[in-house]
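Please read the structure below before turning to the comments.
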Amino acid sequence: MRNRAPLALTVGDPSGIGPEIAIDAWRRRKEFALPAFYLLADPDLIESRAGSSSLQIALVAPEEAEARFSDALPLVPLAARLIDKCGIPDRANAAGIIESIDRAVEDTLSGRAGAVVTCPIAKKPLYDAGFRFPGHTEYLAHLAERHGHAAAMPVMMLAGPDLRAVPVTIHIALAEVPKALTTELIVRTAAITANDLRGRFGIAKPRLAISGLNPHAGEGGAMGREDLDIILPAVLALQRQGIDAFGPLPADTMFHPRARATYDAALCMYHDQALIPAKALAFDETVNVTLGLPFIRTSPDHGTAFDIAGKGVARCGSLVAALKLARQLADNEVTTA
Amino acid sequence: MNVKVDDAGERPLIALAMGDPAGISPELAARLIASPRVAAAARLVVIGDRRILEGGAKAAGLMLGIATVESGVIGPAASPVLIDLRNLDPAAVTVGEATLTGGTFAVENFSYALRLAEAGQVAAVCYTPLNKKAMRFAHPGYDDESRFIQELLQLTGRIKEFNVLDTVWNARVTSHIPLKDVAGQLSREAILAEIRLTVDCLKQSGVEAPRLLVAGLNPHAGDGGSFGMEEIDIIGPAVNAAVADGFDVSGPLPADTVFLTALRDGYHAVLTMYHDQGQIAMKLIGFDRGVTMLGGLPFPVCTPAHGTAYDIAGEGIANPLASEEAVLLAARMATAAHNRGGSA
């Protein structure tokens, strides 16, 4: 029954917009019909960021979050303190930022939480404090291993109301993409995607559209060979595994409505091939989902936004979408497990 | 050269070459002739075959109201006219297939329209979609419209393809090349040249003070050099050089939001680094109304950005919006050129 548990929400970098979008989302919980969550943060920081308008906070254990959610923002206090320096990231907050993530994962793996939802972090203050992971996602994979799970290959999915897109390569220079793409990488990424679409998204027979790399998917090799030499063999290998994959498709025509109706997720070869359509279709509502981990993790698809933190202009739309999707995925996992 | 306008001196004459007859081109031509938006902005001189055009009107459920004129004598009437080349018997059309017959029809109409514009009889050329394979059957060595025009009219200048969505233009530094070659082909000079050409073409279309955004190459525009150095070494310096030359240009910006920013903040153009960077966004934001415009020519040439749509040929369901937008853009450019008292 672990997945009926409330969602664990990390605070992210407290100098960014994480605290205020968490507060704003809770205040508008009825408007958005939000599922219950608890925030892993320092109560003093949250109170200070609530500003002049009063905020009802309940210091809780995860088990109490659901019962308190309607009248107070459930908050699980961290051991580490977070200093409130709005807009100015500080390495002194690294311990609290990391503790918030660690405890969300621990709670979810032990069944006290249904899923992990993370607010944005920035790399620099963490790096300055000795953190050595390329990003959030890699750290989460590390935590899964630390808790005794098999080594995982985390896969990033951008999930919006109209498109699910999975970039096969992510934060690397465009010039490196053709070198980083291998048939094996595409097959592994697609298999993890198909597996989570079945087990967590509740799609019995997921259909995967695989993009080409080059203009017009190479036009038969006239504009690059990768589509024929690397991507097509991956599509064929996936089909042999019984996965309904097709492609490589020209990237500029595979995202229009008629094309989107033919697949459940698009596998894209590089970051912007996935991000351009995801943001064009649903700028505020796109959610970052990490597939392939032994727990569910979603996050809003934006950064810390230090430049607007504390100014009251940050929008909680993407966090709201991340919370709702996390709940939906956790519920699906129960029904299909 | 003075551009040709209608008898009231207001609407430019625009040649509309009928494109590939096996797809939706015939019904698009018929819909353009019947379009009040087109009629308000331009006077069409349709080039093709009346029988094929009648077929298109029938598919679209329209009565065809267009007079035929003899070649070269367009006359002062206010309504659209057809130059009937009598060059294709409907019985010879294989619907939904690229054929030599279809390609020959399209090549003849397109050539005729370009010659009319070259002679100053019309102010601009538009055409309904062509099929590349059919064009190659009819015109061996056919590569794309730009090359075709260059050879036909023996032009030496560079022709630049723009994709236009509503009021935002997209130009790209590299186009039909493998993705692995993109980074190597970027240079400050190439980017600066594209900025200049885009600004020139925008001015020709009547935009007095063009404002441009330039996309980065890498994820998050390189994130300060974390994922690639091209933004710092090449694109940024090119933008700075353009700004120093007095252009209103900003960038490099992350490619996943640059079009949304351009649309929101009223920029006139986005310069992208590679084919799909612009094409994905443009086709997604406005698949039904995108226009391809060929700049750097003595007169505007515009066409809908979509293709021949063989799968829905003759069904009468083709959306004419992009074709209308193509004529409207050509009309705006021709009118701007006319107001300047020169050629486009």
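The values are calculated or read from the model by the stated rules, or taken from the named source; none is laboratory data. Just so it is clear, the structure is predicted and the values come from calculations on it, not from any experiment. All Cβ positions, glycine included, derive from the backbone under ideal geometry; neighbour counts span all protein chains shown.
Out of B:162, B:110, B:137, one residue alone is aromatic (Phe, Trp, Tyr), away from chain A (no Cβ under 14 Å) and surrounded by fewer than 19 Cβ atoms within 10 Å (Cβ to Cβ). It is B:137.
Would you point out the residue of the range B:265-283, among those that are in contact with a helix residue (DSSP H, G or I) (Cβ under 9 Å, 6 or more places away or on another chain) and surrounded by fewer than 22 Cβ atoms within 10 Å (Cβ to Cβ), that is nearest to the other protein chains (Cβ to nearest Cβ)? So the residue we want is B:267. Total residues in the range B:165-177 satisfying the condition of being within 13 Å of chain A (Cβ to nearest Cβ) and surrounded by fewer than 20 Cβ atoms within 10 Å (Cβ to Cβ): the figure is 3. Taken together, A:247, A:310, A:242 contain a single residue that is on the phi > 0 side of the Ramachandran plot and touching a Cys at 6+ places or on another chain (Cβ under 9 Å), which is A:310.
Taking the conditions (1) within 30 Å of residue A:231 (Cα to Cα); (2) more than 14 Å from every other protein chain (Cβ to nearest Cβ) in turn, residue B:205 satisfies each one other than (1).
Residue A:159 meets the stated requirement of being closer than 25 Å to residue A:7 by Cα and either in the same structural domain as residue A:300 (by TED's automatic domain parsing) or crowded, with 20+ Cβ neighbours inside 10 Å (or both). Selection of the range B:216-241 for residues being among the hydrophobic types (A, V, I, L, M, F, W, C) and in contact with an Asp or Glu (Cβ under 9 Å, 6 or more places away or on another chain) yields B:217, B:221, B:227, B:238. Test residue B:152 against the criterion of being within 23 Å of residue B:32 (Cα to Cα) and either surrounded by fewer than 20 Cβ atoms within 10 Å (Cβ to Cβ) or out of contact with any strand residue (DSSP E or B) (no Cβ under 7 Å at 6 or more places or on another chain) (or both), and give yes or no. Here the answer is no, as residue B:152 does not meet what is asked. Within the range B:86-103, the only residue that satisfies the criterion of being closer than 10 Å to residue B:20 by Cα and of a type in the set (Asp, Glu) is B:97.
Of the helices (runs of 4 or more DSSP H) lying entirely inside the range A:1-104, those carrying at least 1 residues that are without any contact (Cβ under 8 Å) to a residue 24 or more places away in the chain are A:43-49, A:65-68. Looking only at residues of the range A:1-37 that are touching a Pro at 6+ places or on another chain (Cβ under 9 Å) and β-branched (Val, Ile, Thr), we find that the one that is nearest to residue A:58 (Cα to Cα) is A:11. For residue B:23, all conditions in the list (1) surrounded by fewer than 24 Cβ atoms within 10 Å (Cβ to Cβ); (2) of a type outside the set (A, V, I, L, M); (3) touching a Ser or Thr at 6+ places or on another chain (Cβ under 7 Å) hold save one; what is the number of the exception? Of (1) surrounded by fewer than 24 Cβ atoms within 10 Å (Cβ to Cβ); (2) of a type outside the set (A, V, I, L, M); (3) touching a Ser or Thr at 6+ places or on another chain (Cβ under 7 Å), only one is false for residue B:23: (1). Exactly one condition in (1) at pLDDT 95 or above; (2) within 30 Å of residue B:242 (Cα to Cα) is not met by residue B:128; state its number. Unmet for residue B:128, out of (1) at pLDDT 95 or above; (2) within 30 Å of residue B:242 (Cα to Cα): (2). Look at residue A:14 and say whether it is modelled with pLDDT of 95 or more and within 18 Å of residue A:121 (Cβ to Cβ). Spelling it out, residue A:14 is indeed modelled with pLDDT of 95 or more and within 18 Å of residue A:121 (Cβ to Cβ).
Every residue, every condition in (1) surrounded by fewer than 16 Cβ atoms within 10 Å (Cβ to Cβ); (2) farther than 15 Å from residue A:5 by Cα, yes or no:
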{"residue": "A:67", "(1), (2)": "yes, no"}
{"residue": "A:71", "(1), (2)": "yes, yes"}
{"residue": "A:76", "(1), (2)": "no, no"}
{"residue": "A:84", "(1), (2)": "no, yes"}
{"residue": "A:87", "(1), (2)": "yes, yes"}
{"residue": "A:106", "(1), (2)": "no, no"}
{"residue": "A:116", "(1), (2)": "no, no"}
{"residue": "A:124", "(1), (2)": "yes, yes"}
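Filtering the range A:184-203 to residues that are within 30 Å of residue B:181 (Cβ to Cβ) and surrounded by 17 or more Cβ atoms within 10 Å (Cβ to Cβ) leaves A:186, A:187, A:189, A:190, A:193.
In this structure, does residue A:290 turn out to be at pLDDT below 95, closer than 24 Å to residue A:123 by Cα and crowded, with 22+ Cβ neighbours inside 10 Å? No. Where strands (runs of 3 or more DSSP E) fall wholly inside the range A:264-334, the ranges with 2 or more residues that are hydrophobic (A, V, I, L, M, F, W, C) are A:265-268, A:287-291. Reported count of residues in the range A:98-125, each being farther than 23 Å from residue A:324 by Cα and either touching an Asp or Glu at 6+ places or on another chain (Cβ under 7 Å) or modelled with pLDDT of 95 or more (or both), is 4. Taking the range B:292-327 as the range and being under 30 Å from residue B:220 (Cα atoms) and part of a loop (DSSP other than H, G, I, E, B) as the test, the residues that pass are B:305, B:306. Got at least one residue in the range A:136-154 being more than 13 Å from the chain's Cα centre (by Cα) and polar (S, T, N, Q)? Scanning the range A:136-154 turns up no residue that is more than 13 Å from the chain's Cα centre (by Cα) and polar (S, T, N, Q). Which residue is nearest to the other protein chains (Cβ to nearest Cβ), if the candidates are limited to the range B:224-240 and must be acidic (Asp, Glu) and in contact with a Pro (Cβ under 9 Å, 6 or more places away or on another chain)? Among residues in the range B:224-240 that are acidic (Asp, Glu) and in contact with a Pro (Cβ under 9 Å, 6 or more places away or on another chain), the one nearest to the other protein chains (Cβ to nearest Cβ) is B:230.
Residues that are away from chain B (no Cβ under 14 Å) and of a type in the set (Phe, Trp, Tyr) do occur in the range A:283-305, at least one of them.
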